[in-house]
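Notes for the one structure printed next.
The values are calculated or read from the model by the stated rules, or taken from the named source; none is laboratory data. Model, not experiment: these values are computed from the prediction. Here the Cβ positions follow ideal geometry from the backbone for every residue, glycine too, while neighbour counts run over all protein chains shown.
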Amino acid sequence: MPAITVDDLTVLDRLKAPGLGDQPRRVVSVTTAPQGYEGEGFPVRRAFAGVDLTDLDP
């Protein structure tokens with residue numbers, strides 16, 4: 001299921017510019033995603049493996 005559905009894919013709502021009440025988030029760490037294998041044996045990387053969900057979307 002898509003996160004957003006529109007009649008015309010070439011016209012999407014624009015993001016608003018940051019306002020005075022918006023707060024930037026600090027960078028906690030920069031790491032290489034751990035690599036694993038899916039059920040059929042193809043390699044995948046888990047970008048947010050082991051990261052607390054409150055750090056991802058406050």
Check your understanding: Out of (1) in a loop (DSSP other than H, G, I, E, B); (2) at negative phi; (3) exposed (fewer than 10 other Cβ atoms within 10 Å of the Cβ); (4) under 15 Å from the mean Cα position of the chain (by Cα), the odd one out for residue 54 is which?
Key -> (1)
Check your understanding: Applying the selection to region 20-36, what residues are in a loop (DSSP other than H, G, I, E, B), small (Gly, Ala, Ser) and surrounded by 10 or more Cβ atoms within 10 Å (Cβ to Cβ)?
Key -> 33
**Study point:** Output for region 39-58, where each listed residue is free of Cβ contacts under 8 Å to residues at least 12 places away in the same chain and over 28 Å from residue 23 (Cβ atoms)
**Key:** 39, 40, 41, 42, 43, 44
Review point. In this structure, is residue 39 at pLDDT 80 or above, part of a loop (DSSP other than H, G, I, E, B) and of a type outside the set (Asp, Glu)?
Key: yes
Practice item. Could you identify the single residue in 49, 3, 17 that is surrounded by 10 or more Cβ atoms within 10 Å (Cβ to Cβ) and of a type outside the set (S, T, N, Q)? Key: 49
Exercise for review: Using the structure shown, decide if residue 17 is aliphatic (A, V, I, L, M), in a loop (DSSP other than H, G, I, E, B) and touching a Lys or Arg at 6+ places or on another chain (Cβ under 9 Å).
Suggested key: no
